[in-house]
Amino acid sequence: MMRTVLILFLCCAMALAVVSLLWGGRARERTVNVIGSTSIQPFAEMLSEEYHRTWPDRKVEIQGGGSTAGLQACAEGIAEIGMCSRALKAKEAELFHGITIALDGLAVVVHPSNGVGAMSRGQIRRIFSGQTTNWKDVGGADRPIRLITREEGSGTREAFVKLVMAAKDNGADRVVRISRKALTQESNGAVKELVKHDPCAIGYMSLGLVGGELKMLAVDGVAPSPKEVAAGRYPLMRPFLFVVKGQPSGQSQDFIDFVLSASGQLILEKEGLVRAP
Amino acid sequence: MKQAAKDKCISLTLMAVAMSGISGLALITGFIFREGLPIMMKVGLGKFLLSSNWYPQEGEFGIFPMIVGSVAVTVGAMLIGGTLGLGCAIVLAQFCPPRLVSLLKPGIELLAGIPSVVYGFIGVVILVPFIRDYIGGPGLSVLAASVVLGVMVLPTVTSISFDALRAVPRTYREGSIALGATEWQTTRMVMLKAAKSGIVTAIILGMGRAIGETMAVIMVAGNTLDLPRSVLDPVRTLTSNIALEMGYAAGDHRKALFATGVTLFVIIMVLNTIALAVSRRRPGRVGQA
């Protein structure tokens, strides 16, 4: 009785091992894992669908998680390609190789009913640091300003901090903290959802994901649009990077080549991003 | 002889299975504390728990606003869910025809099966705009989180309190009625007193559920780092702090999130210990309650 049970158990274990080996082996052969920024994710998904349509036997798996998480996954070998929605820091640049797949503007967004249409970077900085707390101080209606920010470590947040919150103070660079009162949301979509329904809100998000329902502020006199970003006039601009560690495998290189090809770039352009220079 | 050996073998196997469950708990505990304690010591326990500055990039880790946030949201949830849950339990145990009970009780228990994202989503789509438009503030608030969590703890509180009320011997009730007490007097003065320890357990287990909930709270609480000044202010709880920043954190930041976990762990352990201690007192004995 005991022996039969034991034998049965061993058989099951062996079968499981064989199946997982076969399955894992096949998955490794065909799938490239791409992990990282939630800002790049929707675009990468579109690219991977198109890629899969063109070559049905090649598959790319896209996952979110955030820029820093993407870099970590890439460093640990969980992902072949990491997605990063900000420039690499000096330390990271030693470890990884970043490939710019597109440029994106960072749009400062408000409710469509908001009368304010343009602000300087200084004004935005004072708003997000909590110094300016009413819309009437920047030329709007008498309403409190409700800040919406992204969570610590998000590529969008880090790009925003670097481009807006860093101020020259007596010649030295000083980063102003984002106010503690800011509501924290964990994706571009959540920020959009909040700003869409709240007349007092102000937030920032990827220009490519804004859509038609929000009002975008002109920053330092330049209205955000892919054209202005491409011309280098719009001040809040950041790169979208694919990041690899060492030499990419044939499969990943193939996908990167597709993204950088004319048809890949066209998809990104159609969705509101700017071609990689 | 052979039978005895077989028995022994089976009991050992079962023991091993049971132990693997316990060792999982031990491992998790050990790991959280190993990762979290050093940073708590480095920052200083007092500063870590009582400072309001959470700037991980600059090496400042103070979780006081999140402790306040967790407590505020949990108290709010218990005011709503605890009251409603206890009310439900009393109605089901005392004033409901059995056929209706067999319909209502599974219905309430079904609430426990709804995934927390769904609660959060309903909160964001319906509750948050309602609060923003009709009550004030940004909508994402202690109040929104309390209401959502209140509904989520309802099944826990209801079913445990219900069981406690049902466990009260029939003779108590019958005796009270025979002495001329009304239904409500019986409920208030006899049944609730007799079932007190069970009801307290229900409330505490509900609190444990509320304080540990993450997904729904992230979606409706607003996650600011500021101390809330009213129920309409947004807050960040301990759990949402971990979940929000976990994906990105490295180095000390990551350890500080584990330390947040340690704090949460200690709070929940204390709650569960109280629940256990209270429920050890046999329910249904008036003299001991």
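Of the residues screened, residue B:226 is one that is of a type in the set (Asp, Glu) and within 12 Å of chain A (Cβ to nearest Cβ). Filtering the stretch A:107-128 to residues that are farther than 12 Å from residue A:222 by Cβ, assigned to a helix (DSSP H, G or I) and open to solvent by 10 Å² or more (accessible area, probe 1.4 Å) leaves A:122, A:123, A:125, A:126. Look at the stretch B:128-148: where a residue is at the interface with chain A (Cβ under 10 Å from one of its Cβ atoms) and a partner is of a type in the set (Lys, Arg), sitting 6+ places away or on another chain with Cβ atoms under 6 Å, you get B:138/A:146; B:139/B:132. Residues that are open to solvent by 50 Å² or more (accessible area, probe 1.4 Å) and in a helix (DSSP H, G or I) within the stretch B:161-175 comprise B:163, B:166, B:170, B:171, B:172, B:173, B:174, listed in sequence order. As a summary of the residue check, residue A:201 satisfies the conditions (1) among the small types (Gly, Ala, Ser); (2) within 14 Å of another protein chain (Cβ to nearest Cβ); (3) touching a Ser or Thr at 6+ places or on another chain (Cβ under 8 Å) except for the one numbered (3).
Considering only residues in the stretch A:140-166 that are in contact with a helix residue (DSSP H, G or I) (Cβ under 6 Å, 6 or more places away or on another chain) and of a type in the set (Gly, Ala, Ser), the one that is farthest from residue A:213 (Cα to Cα) turns out to be A:153.
Listed here are the residues, each with its yes/no results for (1) modelled with pLDDT of 90 or more; (2) under 22 Å from the mean Cα position of the chain (by Cα).
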site: A:102; (1), (2): yes, yes
site: A:106; (1), (2): yes, yes
site: A:110; (1), (2): yes, yes
site: A:113; (1), (2): yes, no
site: A:119; (1), (2): yes, no
site: A:133; (1), (2): yes, no
site: A:146; (1), (2): yes, no
site: A:155; (1), (2): no, yes
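Scan the stretch B:185-205 and tell me whether some residue there is closer than 30 Å to residue B:135 by Cβ, buried (at least 23 other Cβ atoms within 10 Å of the Cβ) and within 14 Å of another protein chain (Cβ to nearest Cβ). Scanning the stretch B:185-205, I find no residue that is closer than 30 Å to residue B:135 by Cβ, buried (at least 23 other Cβ atoms within 10 Å of the Cβ) and within 14 Å of another protein chain (Cβ to nearest Cβ), so the answer is no. Considering each residue of the stretch A:227-236 in turn, none proves to be at pLDDT below 85, more than 11 Å from chain B (Cβ to nearest Cβ) and not in a helix (DSSP H, G or I). Exactly one residue out of A:229, A:191, A:274, A:244 is within 24 Å of residue B:243 (Cβ to Cβ) and within 19 Å of the chain's Cα centre (by Cα), and it is A:191.
For every residue, the table says whether it meets (1) among the hydrophobic types (A, V, I, L, M, F, W, C); (2) within 14 Å of another protein chain (Cβ to nearest Cβ).
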| site | (1), (2) |
| --- | --- |
| A:39 | no, yes |
| A:42 | no, no |
| A:58 | no, no |
| A:90 | yes, no |
| A:114 | no, no |
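Against the list (1) within 12 Å of another protein chain (Cβ to nearest Cβ); (2) over 20 Å from residue B:117 (Cβ atoms); (3) without any contact (Cβ under 8 Å) to a residue 12 or more places away in the chain, the condition residue B:177 fails is (1).
Among residues of the stretch B:31-68 being in a helix (DSSP H, G or I), within 14 Å of chain A (Cβ to nearest Cβ) and in contact with a helix residue (DSSP H, G or I) (Cβ under 7 Å, 6 or more places away or on another chain), the one that is surrounded by the fewest Cβ atoms within 10 Å (Cβ to Cβ) is B:64.
Identify all residues within the stretch A:72-89 that are surrounded by fewer than 20 Cβ atoms within 10 Å (Cβ to Cβ) and either assigned to a strand (DSSP E or B) or not acidic (Asp, Glu) (or both); write none if there are none. Lay out the reasoning, then the answer.
From the stretch A:72-89, those surrounded by fewer than 20 Cβ atoms within 10 Å (Cβ to Cβ) are A:75-78, A:87-89; that's our starting set.
Within the stretch A:72-89, A:75, A:77, A:78, A:87, A:88, A:89 qualify.
For the stretch B:142-152, the criterion of being more than 25 Å from residue B:107 (Cβ to Cβ), surrounded by 14 or more Cβ atoms within 10 Å (Cβ to Cβ) and touching a helix residue (DSSP H, G or I) at 6+ places or on another chain (Cβ under 9 Å) is satisfied by at least one residue.
If you go through the stretch A:48-71 and keep only what is under 15 Å from the mean Cα position of the chain (by Cα) and open to solvent by less than 60 Å² (accessible area, probe 1.4 Å), you end up with A:62, A:64, A:65, A:66, A:67, A:68, A:69, A:70, A:71.
Annotation note: Cβ proximity below 6 Å between a residue of the stretch A:174-197 that is farther than 21 Å from residue B:66 by Cα and facing another protein chain (nearest Cβ under 7 Å) and a residue that is open to solvent by 20 Å² or more (accessible area, probe 1.4 Å) and in a helix (DSSP H, G or I) (sequence gap 6+ or interchain) occurs for A:197/B:129. Of all residues in the stretch A:65-88, those that are at pLDDT below 85 have Cβ atoms under 6 Å from Cβ atoms of residues that are among the β-branched types (Val, Ile, Thr) and part of a strand (DSSP E or B), 6 or more apart or on another chain, in A:65/A:35. Taking the criterion of being of a type outside the set (A, V, I, L, M, F, W, C) and not in a helix (DSSP H, G or I), the only residue of the stretch B:72-110 that qualifies is B:97. Screening residue B:181 with (1) open to solvent by less than 10 Å² (accessible area, probe 1.4 Å); (2) part of a loop (DSSP other than H, G, I, E, B); (3) not aromatic (Phe, Trp, Tyr) gives one miss only, at (1).
The values are calculated or read from the model by the stated rules, or taken from the named source; none is laboratory data. Small disclaimer: the values here were computed from a predicted structure and weren't measured. Neighbour counts are summed over all protein chains in view; Cβ atoms, including those assigned to glycine, are modelled from backbone coordinates with ideal geometry. Accessible surface areas use protein heavy atoms only, side chains included; no ligands, DNA or RNA. Shrake-Rupley method; radii C 1.70, N 1.55, O 1.52, S 1.80 Å.
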